[in-house]
Amino acid sequence: MTICEIIKKINEGSATAEQITREALVKIAQLNPTINAFVELFEEDALAQARAVDAKRARGEKLGALAGVPVGIKDNILYEGHKATCCSRMLANYEASYNACVVEKLLAADAVIIGRTNMDEFAMGSTNETSVFGPVKNPADTSRVPGGSSGGSAAAVAAGMVPLALGTDTGGSVRQPAGFCGVVGIKPGYGRISRYGVIAFASSADQIGILAQNVTDAAIALEVLAGKDVHDSTSLGAPVPSYADEFTPDLKGFKVGLPNGFLDGLNPAIKAHVEKAAEQLKTLGAEIIPVDVPFAKYSAPCYYIITSAEASSNLGRYDGIRYGFAAKNAQDLNTYYEDSRAPFGLEVKKRIIIGTYALTSERYEECFLKAMKVRELIRDDFKKAFEQVDVLLTPTSPTTALPLGKKDDNPLSLYLADLYTCQGNIGGLAGISVPFGKDENNLPIGLQFYGPILAEDKILNAAHHLEKLAK
Ligand code: GLN
């Protein structure tokens with residue numbers, strides 16, 4: 001069931017939150033041994049929350065906007081009294097001591113948090129294969145990856161285990177798995193959703209995002225989660241619209257930008273779908289306008305320098321003293337340092353080393369500072385583009401879902417595959433991936449709309465129309 005259907009049933013009394021929760025748990029028990037989307041279920045707490053929602057309805061009280069909706073949360077989002085491990089051995093025993101802002105909001109909206117979902121270790125990756133819990137399988141084809149790092153959340157929604165899952169997106173980790181799995185994934189603009197209680201990867205790029213079966217569901221969830229939070233000084237205070245009520249009947253007067261050069265050398269099936277989408281949007285009245293964003297092509301190198309630098313600083317807290325694994329029996333200080341950091345996986349260590357290197361006094365200017373300057377140029381490009389158009393249309397990824405086990409063949413090309421998505425984090429943009437057709441292997445293709453900060457309403461509206469055209 002979709003979020004809309006569940007809310008309707010709960011409110012009219014044709015289903016109880018407990019029934020829906022139990023159904024989700026049964027479905028997860030059936031499918032998870034294959035898909036591996038959930039790493040832990042919070043069964044008892046979920047049922048207790050569901051019963052509390054049912055009791056609230058029985059008392060005649062008004063229910064929250066996500067009443068009885070089962071939700072999966074990525075394993076880097078804090079839920080008090082529950083484990084949050086970033087799918088890393090480093091945090092194997094870490095239990096959250098407070099709720100993330102989004103968890104508070106979900107519970108206040110009467111949603112039911114079912115469990116935590118699989119992810120790439122510390123959200124670093126694009127295939128979900130760096131998780132200590134093993135890879136997630138793509139429900140569209142179980143020989144393929146679901147994408148990452150929020151692969152568990154995307155697969156959980158795609159497999160119909162839950163209608164809603166939260167992920168985080170630092171360089172595409174909500175939109176890319178959404179594209180690979182054939183679901184909707186929105187990463188709002190930087191600051192739209194509070195990051196309080198999210199385990200940090202790269203603070204200037206991290207954003208919580210939403211995975212759902214359709215655009216209306218994503219819009220409903222965003223309305224619940226967005227807004228100012230006193231615990232996150234980067235969260236934005238602008239009023240939160242009722243996104244799903246603001247969808248327009250057509251796209252007359254709406255300007256969709258197609259960035260020049262973005263389709264050069266692209267996989268032919270994906271390219272054809274972007275072109276088809278542009279043609280079809282025209283039939284709804286949209287105007288398609290080519291735009292220049294010349295510096296955007298440097299987004300991936302810029303992203304990997306800046307986020308690795310931030311990660312090397314953010315992950316410094318896992319020293320066995322403040323957080324993380326503490327080595328026993330080390331004979332001297334250096335051994336203690338080494339042994340305490342040993343639980344980090346290879347990809348995480350790689351990022352910490354790249355980031356530390358980029359921040360050394362010898363390399364700071366030519367690496368980190370230069371990347372920061374390029375970031376400004378990219379931001380400027382997008383700013384100018386959005387003076388001409390309402391949204392941009394791009395592919396979500398240069399490929400569809402990759403086969404499992406391929407990630408190490410060419411790590412650099414995997415990094416470059418983040419090109420279309422990491423632009424959004426480097427630029428602080430709002431981005432959404434919508435399923436639009438399939439490739440020759442019957443794998444879902446995701447297309448992306450970008451909008452400037454606080455233009456979630458526009459990208460949701462465009463995505464809502466594209467989703468209808470895809471049917
Ligand atoms: N694939 C990107 C990376 O490995 C994105 C990760 C993310 O968005 N969390 O860094």
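The values are calculated or read from the model by the stated rules, or taken from the named source; none is laboratory data. None of the values given here were measured: they were computed from a predicted structure. Cβ placement follows ideal geometry from the backbone for every residue including glycine, while neighbour counts extend to all protein chains displayed. Quick note on the areas: whole protein, heavy atoms, side chains included, nothing else; ligands and nucleic acids left out. Shrake-Rupley method; radii C 1.70, N 1.55, O 1.52, S 1.80 Å.
Taken together, F344, F368 contain a single residue that is of a type in the set (F, W, Y) and within 16 Å of the ligand (Cβ to nearest atom), which is F344. For region 372-418, the set of residues classified as part of a loop (DSSP other than H, G, I, E, B) and among the basic types (K, R) consists of K406, K407, listed by residue number.
Scanning region 324-356 for residues that are of a type in the set (F, W, Y), assigned to a helix (DSSP H, G or I) and surrounded by 17 or more Cβ atoms within 10 Å (Cβ to Cβ) yields a count of 1.
Filtering region 197-219 to residues that are surrounded by 23 or more Cβ atoms within 10 Å (Cβ to Cβ) and in a helix (DSSP H, G or I) leaves V215, D217, A218, A219.
Selection within region 54-94: residues that are in contact with a Leu (Cβ under 8 Å, 6 or more places away or on another chain) and in a loop (DSSP other than H, G, I, E, B). The member of this set that is farthest from G345 (Cα to Cα) is L66. The residue list L211, L251, L222, L236 contains one member that is over 15 Å from H465 (Cα atoms), of a type outside the set (F, W, Y) and over 15 Å from the mean Cα position of the chain (by Cα), which is L236.
Per the conditions (1) surrounded by 19 or more Cβ atoms within 10 Å (Cβ to Cβ); (2) charged (D, E, K, R); (3) part of a loop (DSSP other than H, G, I, E, B), the sole criterion not satisfied by K252 is (1). The listed residues are S233, S143, S153, and the only one of them that is within 13 Å of the ligand (Cβ to nearest atom) and hydroxyl-bearing (S, T, Y) turns out to be S153.
Going through (1) open to solvent by less than 10 Å² (accessible area, probe 1.4 Å); (2) closer than 24 Å to I220 by Cβ; (3) aliphatic (A, V, I, L, M); (4) touching a Lys or Arg at 6+ places or on another chain (Cβ under 8 Å) one by one, L454 falls short only on (1). Scanning region 426-443 for residues that are more than 17 Å from the chain's Cα centre (by Cα) and open to solvent by 10 Å² or more (accessible area, probe 1.4 Å) returns G437, K438, D439, E440, N441, N442. Looking across region 275-301, just one residue is of a type in the set (S, T, Y) and buried (at least 20 other Cβ atoms within 10 Å of the Cβ), and that is S299.
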